[in-house]
1. Taking the residues in segment A:148-157 that are of a type outside the set (A, V, I, L, M, F, W, C), in contact (Cβ under 8 Å) with a residue 24 or more places away in the chain and more than 12 Å from residue A:54 (Cα to Cα) as candidates, determine which candidate is least open to solvent (accessible area, probe 1.4 Å).
2. Across segment A:187-209, what is the total count of residues that are in a helix (DSSP H, G or I) and more than 11 Å from residue A:37 (Cα to Cα)?
3. Can you work out which of the residues in segment A:41-58 that are touching a Ser or Thr at 6+ places or on another chain (Cβ under 8 Å) and more than 28 Å from residue B:86 (Cβ to Cβ) is most open to solvent (accessible area, probe 1.4 Å)?
4. Any residue in segment B:250-260 that is crowded, with 19+ Cβ neighbours inside 10 Å and of a type in the set (Lys, Arg)?
5. What residue, of B:229, B:160, is closer than 21 Å to residue B:99 by Cα and open to solvent by 20 Å² or more (accessible area, probe 1.4 Å)?
6. Name the residues in segment B:293-326 that are part of a loop (DSSP other than H, G, I, E, B) and within 12 Å of another protein chain (Cβ to nearest Cβ), would you?
7. Name the residues in segment A:90-111 that are without any contact (Cβ under 8 Å) to a residue 40 or more places away in the chain and either buried (at least 18 other Cβ atoms within 10 Å of the Cβ) or hydroxyl-bearing (Ser, Thr, Tyr) (or both), would you?
8. Within segment A:102-116, which residues are in a loop (DSSP other than H, G, I, E, B) and among the small types (Gly, Ala, Ser)?
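The values are calculated or read from the model by the stated rules, or taken from the named source; none is laboratory data. All of these numbers come straight from a predicted model, not from anything done at the bench. For neighbour counting, all protein chains shown are included, and Cβ atoms are generated from backbone atoms with ideal geometry for every residue, glycine included. Areas reflect the complete protein model, heavy atoms only, side chains present, ligands, DNA and RNA absent. Shrake-Rupley method; radii C 1.70, N 1.55, O 1.52, S 1.80 Å.
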Number of protein chains: 2
Amino acid sequence: MKNISPLSGRGLLRGALGAAAAAAMLSAAAVRAQEPVQPIEAAKVADPARVELGKKLWFDPRLSRSGFISCNSCHNLSTGGADNLKTSIGDKWQKGPINSPTVLNSSLNLAQFWDGRAKDLKEQAGGPIANPGEMAFTHDLAVDMLRSIPQYVAEFRQVFGNDRLGISEVTAAIAAFEETLVTPNARFDRWLKGDMKAINEQELRGYQLFKASGCVACHNGPNLGGNSFQKMGLVEAYKTDNPAEGRSAVTGNDAERFNFKVPTLRNVELTYPYFHDGAADTLAEAVDTMGKIQLGKTFTPVENRDIVAFLKTLTGDQPQLTLPILPPSSDTTKRPQPFE
Amino acid sequence: MKNISPLSGRGLLRGALGAAAAAAMLSAAAVRAQEPVQPIEAAKVADPARVELGKKLWFDPRLSRSGFISCNSCHNLSTGGADNLKTSIGDKWQKGPINSPTVLNSSLNLAQFWDGRAKDLKEQAGGPIANPGEMAFTHDLAVDMLRSIPQYVAEFRQVFGNDRLGISEVTAAIAAFEETLVTPNARFDRWLKGDMKAINEQELRGYQLFKASGCVACHNGPNLGGNSFQKMGLVEAYKTDNPAEGRSAVTGNDAERFNFKVPTLRNVELTYPYFHDGAADTLAEAVDTMGKIQLGKTFTPVENRDIVAFLKTLTGDQPQLTLPILPPSSDTTKRPQPFE
């Protein structure tokens, strides 16, 4: 394998750049600034106690009606922050309406959920708890549960400095934990930072093609997506049985029908199956479909493999988490009745 | 709180002991040797790579038909190695037949499952994977899944030194991981080892009563149980809707009807609800019922509280585990179809 400089991926843009700019590109920092993708940096933890509390809540199945489903059930941190199912399994084995998006790097998204109906992670975190098809609890019952457990009461008091223990504190703690779930140090990021050996020739060809073909029009920024809503089926209609309407369901604007938040491509190797309906089982299939319906382009098998090879360089360091030990229920904690 | 020596708990036996024996009891080691309960020691890990592989399998939901249920779903290591439900939730939300026993310290049991139908952890581990009401997979499909994932294939080869990757290797790795799930350093163990301040007066009274009342006849040894089968409802019949017949279902011997493996009392504060049918929600209720149906004894409220206080000293150090990152499925890995 040859050593490849970040510069060699930039031939396509060279014509558009003046001599001064080309010279500036010799520094890795300049390369980074000009690429449409930026590296992800490790999370800065401002309040470790809040994060630790959020981690407990994240793994606590008692936030569900059944006592069986936790945040981690559908956003499994052992499997790329998703569940690798077409659509998730909810309370009483209900079939979820849409593919579970990864929690990894979700703090970088412009909004949460496929249709962006939650403005941030805190707002998102309350959704599944009370969704009858997901955790099927209520915010009041979730808070009652937590208030019945002395260790939780003490920990909330310590973190928030008061005795309010409401859904706002619960979602704030979960969001604080989620904000730590970033995945720096992907091979591609190391390449962006100037490590010429971090990706190989095929992967670089894939990146060049990814840019030249227009994938990067939507999948850009540090999260390679997550920063805009775009129509699924721009050039050719996307065929699916999934009834999700996307952004129009939130805005009421019919022009935004089938507009979805562009999913991140970070760790995409881990977050199969793909698309809001989970219809694409493999990266090869996803790249093929995206080429056709978004770009009006049929990638050759070699091109497809090159892009897939590039996409696999986006797998970053997964969060290293110590599994939390949850405080036990007290005698007054209401016991879940999952079969009622 | 007064400092209390392990010796002060032994008044009941004092009359039966000669002067020489009484003198010997002045050493902590001698106390330990004479108590009917022994401390648990930390696990010695002979083969860390095998344990690490077993940990991955433990947390891998792809060992279930649905891709949703892992070993950890019902033996959750965040919640005392159990699921805190009366009976577990299986594939398609099926209601399990019996309360999920804790995996913690299960290596100390004489056999596995409530009825002891598996002779050891390795034999046990294959059960839930193929049980149609639990993970609902087959051993062949589980092995096919693992063989389709290059990282798993490489890891099995490294651990076992060969290319057999069958259910025997899968269960051996899971068992190796489970053997590490012991919980040393409970306050009661520290007391057993001579730390007189490790338990308080009430807890010591509880232990004395636990011994004097006969609880210790079945709940003894390092695991305070797990080492014999005993009839549920020895003095008075136990009323339950649960159809489990216990040991007789394994041996065919009708005299062993309603004989169950005595559950461990280690970490019992965390493993509610109690009994094979999960009918007792609280320790107070469990102690009350046990007194009546096993010992023909009605504990006073104070006695009950003392025993419960003692039982809570049995919570040991919970395993500190780094959540494993699972190798992704390959393009050839069969995708789960949980709703079919």
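1. If we take residues in segment A:148-157 being of a type outside the set (A, V, I, L, M, F, W, C), in contact (Cβ under 8 Å) with a residue 24 or more places away in the chain and more than 12 Å from residue A:54 (Cα to Cα), then A:148 is least open to solvent (accessible area, probe 1.4 Å).
2. Matching residues across segment A:187-209 total 11.
3. Within segment A:41-58, the match that is most open to solvent (accessible area, probe 1.4 Å) is A:45.
4. No, segment B:250-260 contains no residue that is crowded, with 19+ Cβ neighbours inside 10 Å and of a type in the set (Lys, Arg).
5. Of the residues listed, the single one that is closer than 21 Å to residue B:99 by Cα and open to solvent by 20 Å² or more (accessible area, probe 1.4 Å) is B:229.
6. Residues satisfying the conditions are B:315, B:316, B:317, B:318, B:319, B:320, B:321, B:323, B:324, B:325, B:326.
7. Correct list: A:96, A:100.
8. Matches in segment A:102-116: A:111, A:116.
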